[in-house]
There are 2 protein chains.
Amino acid sequence: MKNMGEAVNIKRLAQELNISIATVSKALNDSYEISLKTKNRVWNLAKELNYTPNPAASNLRSNKTKTIAVVIPCVANNFFSLSIMGIEEIARQYGYHVLIYQTHENIEAEKAFTNSLLNGRVDGILTSVSSSEYNSEYYANLVKKIPLVFFDRVYEDLDAVKVTTDDYEIAFEATEHLIECGCTKIAYLFGLENLPAGKARFAGYCDALKAHGIAVSEQLIVKYQDNEEFNLQQIKELLGKYKPDALFSSIEEFIIPAYCACREMGLQIPNEVKILSFSNLSTAKLLSPSLTTISQPAFEIGREAAKCLFKILNNKQLDDEQNIILKSVLTKRESTGC
Amino acid sequence: MKNMGEAVNIKRLAQELNISIATVSKALNDSYEISLKTKNRVWNLAKELNYTPNPAASNLRSNKTKTIAVVIPCVANNFFSLSIMGIEEIARQYGYHVLIYQTHENIEAEKAFTNSLLNGRVDGILTSVSSSEYNSEYYANLVKKIPLVFFDRVYEDLDAVKVTTDDYEIAFEATEHLIECGCTKIAYLFGLENLPAGKARFAGYCDALKAHGIAVSEQLIVKYQDNEEFNLQQIKELLGKYKPDALFSSIEEFIIPAYCACREMGLQIPNEVKILSFSNLSTAKLLSPSLTTISQPAFEIGREAAKCLFKILNNKQLDDEQNIILKSVLTKRESTGC
DNA sequence: CATGCACGCGAAAACGTTTACGTAATTAAA
DNA sequence: TTTAATTACGTAAACGTTTTCGCGTGCATG
């Protein structure tokens, strides 16, 4: 083992082997300009000295970072943490590093993060946007400046790849399921109302009601606020005043307040009120009673979004379609009782 | 607005203002060498042109990345996703970026990731180590090379900060709770057996039994495997053969198989068998029946670990103690029925 | 009037790569 | 044999910062 005193960089390798740093660099990058013999000498010494290229220098010169950013509302959410797993799996395959940024549904933070990524910190961005506003002008500009793929929570009509799920269809199907179980006063717990996903889910709900001759009632709609206690009170008020026979929750965050509200009001699930929710909760089947869910393929969404981004980064042709739509799954359990 | 054609860097700012790039750089960094008048000129133009420093160049020259890495087994785990939230909160305060690496309990991946971080990609590392092995030699070397803080899953006896919880005490307390509820044959669902946390939890369980004159029985111990079906079968076998009156689970991953096993065996919780588990599941109170949990302060652990790392990075004195121990909370619910 | 000293700023090197270009030696084509 | 092409490598510039050192000016001090 050679002297390990000084830092081991390309210069050091060149010195020890009595060749130029250009040759070392090219050898390390497996350039056709370098003979196999020389490459082997370089590779062996690099391994022996535990050489790894300095990323800052490499980034600076080549303008590539081998890093992507994931900008999402929150990590502590089953959907997003699963998405990250999918993203990470693909990133590993491509040898990329993954930066995480949480917006906490704050659009200013969202802008600040993405802006700070434009100076060459990352090669591309994967994002699921904040639900607090729908500000497509900002993103219309952003997608011109950096490769970006939206997943689940997207901005429509932008020149960017979007990976989503069949929100409308599955919400329609779920609503029909409730109707088939005998429900006629189906309340809707409304989340993501500013986003296409939220609107599609709501549209699926409305259209399913109409298709079965049921009117959509404003009174049966509760909108999500970022306040646990408030949501609980809203649902209790809904249950008390308008006596719905089902709660269709469009986001996971409503599950706990919905169950709690029913308990506190002494309402039996599913006998007196049925519950169905969008959710990636792994313990849905253990709830009391077990919860009928629409689960999105979060892991696959992450994988698919990451794959698209890497295709773009590698200048590969995207399969014509910019909108990738994956299927969600409706799993019927006790909370809808049939 | 000036010409936005070319890239906006320090050189560009210098040209427009007719000063040197050195002055611009110093002004941007608020150096005492520069007059307030010049600073203001620079700051204003920088803002106008939307200048942000190139991180690669900055990193290369200054050897600081304003980036930390979080190396954990898996994001899709309530404990870790909450930890990440805590870490992120602190990182934002310090203006740091956060890289995420998942080891999936694979020690080779763990080594590969951490090694790839030693070339100046990050300023420091936060990690919760893999449970598959206990290989402290590797980490003994690692902590000499880069600022590193362990959280929850740590290597002991190393010269590094470790943020953990009161595993022994809380496991003792939880076991006593089961005993007070009348249990005498308390089975132990053993996870993290290679790690200090896992050993401490088990020790707390054993000592509590002994303190109450109950012998520890090998037969009542089931060890975790990374195989859902296998764990389920093991627990069913345990329940069938040895008829324990309680299951004490040391990790969240046992909850679903434990509940399922009881259901499939037709055993009533908590009447015939009580269940208690370490867990950060937000829906613990909604389970059927609601689950008595030991919940670790995951968010705070992340915060605390990050704070320590930044203290180290800023050369601040650490409050003498290298071991920070936070308290877990035992929440009694229906599954232990008293 | 000479000396010393802040003050404000600039010149230039340095960080560790990548890469365009040049060049010498060897081989193939004419 | 001459010329062209290929192979294998080296030189040096470039990426955008930070930082050391030095210089000139103005002011106060002796």
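The values are calculated or read from the model by the stated rules, or taken from the named source; none is laboratory data. Owing to the predicted nature of the structure, the values given are computational and were not obtained by experimental measurement. We place every Cβ from the backbone using ideal geometry, glycine too, and count neighbours over all the protein chains shown. Side chains are part of the model used for accessible areas, which takes the heavy atoms of the whole protein and leaves out ligands, DNA and RNA. Shrake-Rupley method; radii C 1.70, N 1.55, O 1.52, S 1.80 Å.
Remarks
- Cα-centred dipole magnitude for chain A, charges only on beta-carbon of K, R (+1) and D, E (-1), debye, nearest 20: 1660
- Cα centroid separation - region B:133-198 against region B:263-338, whole Å: 13
- Relative contact order computed over region B:185-238 (Cα-Cα under 8 Å; 6+ residues apart), in percent: 40
- Of all chain A residues, the one whose C-beta is nearest the axis that brings A onto B, in angstrom: A:S288, 1
- Candidate lysines - alpha carbon under 24 Å from B:K243, same-chain residues fewer than 8 apart omitted: B:K185, B:K210, B:K223, B:K274, B:K332
- DSSP-defined antiparallel bridges as percent of all bridges, region A:233-338, nearest 5: 30
- Mean separation of Cα contacts under 8 Å (6+ apart) over length of region A:10-53, as relative contact order %: 34
- Top of B:C181, B:C74, B:C308 by mean-square fluctuation, Gaussian network on chain B, Cα under 10 Å: B:C181
- An oblate overall shape is assigned to the protein assembly as shown, the ratio a/c of its alpha-carbon gyration tensor axes (a ≥ b ≥ c) being 1.5 or greater and a/b not exceeding b/c.
- Magnitude of the charge dipole for the protein assembly as shown, about its Cα centre and with charges confined to Cβ atoms of Lys, Arg (+1) and Asp, Glu (-1), is about 2400 debye.
- Using a Gaussian network model of chain B in which every pair of alpha carbons under 10 angstrom is joined by a spring, one finds that among B:V143, B:V129, B:V163 the greatest mean-square fluctuation is at B:V143.
- Take A:E108, move 7 Å from Cα toward the beta carbon, and the resulting point lies 4.9 nm from the same point in each other copy, nearest first.
- Per-residue [θ]222 nm for the protein assembly as shown (sum of -39500 (n - 2.57) over DSSP H runs n ≥ 4, rounded to 500): -13500 deg cm²/dmol
- Gain in span if fully extended, B:K243 to B:K64, counting 0.36 nm per residue against the direct Cα distance: 58.6 nm
- Averaged over the residues of peptide B:55-64, the number of Cβ atoms from other protein chains lying within 10 Å of each residue's Cβ is 6.
- Spacing of the modelled spin labels on B:L118 and B:T184, each 7 Å from Cα toward Cβ, amounts to 5.6 nm.
- Normalised by the number of residues in region A:233-332, the mean separation of alpha-carbon contacts (under 8 Å, six or more apart) gives a relative contact order of 23 percent.
- Chains A and B together bury roughly 3800 Å² of accessible area, counting both sides, with a 1.4 Å probe on protein heavy atoms only.
- Peptide A:69-82 is shielded by partner chain Cβ atoms: per residue, an average of 4 of them sit within 10 Å of its Cβ.
- Nearest-0.05 FRET efficiency for B:N315 and B:I214, computed from C-beta distance (R0 56 Å): 0.65
- Copies compared at B:A22 - label distances in nm, ascending, label defined 7 Å from Cα in the Cβ direction: 3.1
- By the Cβ rule of 4.7 Å, chain B holds the following cysteines without a possible disulfide partner: B:C74, B:C183, B:C206, B:C260, B:C262, B:C308.
- Shortest-first distances to equivalent copies, position A:Q322, nm, label 7 Å out along Cβ: 5.5
- DSSP bridge pairs, the protein assembly as shown: antiparallel proportion in percent, nearest 5: 10
- Beta bridge orientation in chain A: antiparallel %, DSSP, nearest 5: 10
- For region B:10-53, the carbon plus sulfur part of the accessible surface works out to 50%, probe radius 1.4 Å.
- Chain B: most fluctuating residue of B:H104, B:H177, B:H212 per GNM, C-alpha cutoff 10 Å: B:H212
- Share of carbon and sulfur in the accessible heavy-atom surface of region B:181-287 [1.4 Å probe, %]: 47
- Cross-link partners for B:K236 among the aspartates and glutamates, with Cα-Cα distance under 15 Å and sequence neighbours closer than 8 places in the same chain left out: B:E228, B:D245, B:E264, B:E272.
- Annotation: lysines with alpha-carbon distance below 28 angstrom to B:K311 (same-chain offsets under eight excluded): B:K26, B:K64, B:K66, B:K111, B:K144, B:K145, B:K162, B:K327.
- Given +1 at the Cβ of Lys and Arg, -1 at the Cβ of Asp and Glu and no other charges, the dipole of region B:18-110 around its Cα centre is 740 debye to the nearest 20.
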